[in-house]
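Some notes on the structure that comes next.
The values are calculated or read from the model by the stated rules, or taken from the named source; none is laboratory data. These numbers were taken from a predicted model, which means no experiment stands behind them. Heads up, the Cβs are rebuilt from the backbone with ideal geometry, glycines too, and the neighbour counts pull from every protein chain shown.
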Amino acid sequence: MNDIKCNVSNCVYHSGVSTCTAKEIQVASQCTGKPCECSETECGTFEPKN
């Protein structure tokens, strides 16, 4: 188990509590040469639950 916290409960990797169960995560940035705000990033590992 890892220590990656996540509150996106509609993702297949969400533990049902608050933990991400993916073996690795990919975080994409929408920034171009400037410091990023949280709203400018997204989890590339997200897969919706069926």
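Quick notes on this one:
- Residue that is surrounded by the fewest Cβ atoms within 10 Å (Cβ to Cβ) [pool: residues in region 13-25 that are in contact with a strand residue (DSSP E or B) (Cβ under 7 Å, 6 or more places away or on another chain) and not in a strand (DSSP E or B)]: Ser18
- The set of residues from region 26-45 being modelled with pLDDT under 80 and not in a loop (DSSP other than H, G, I, E, B) comprises Ala28, Ser29, Cys38, Ser39, Glu40, Thr41, Glu42.
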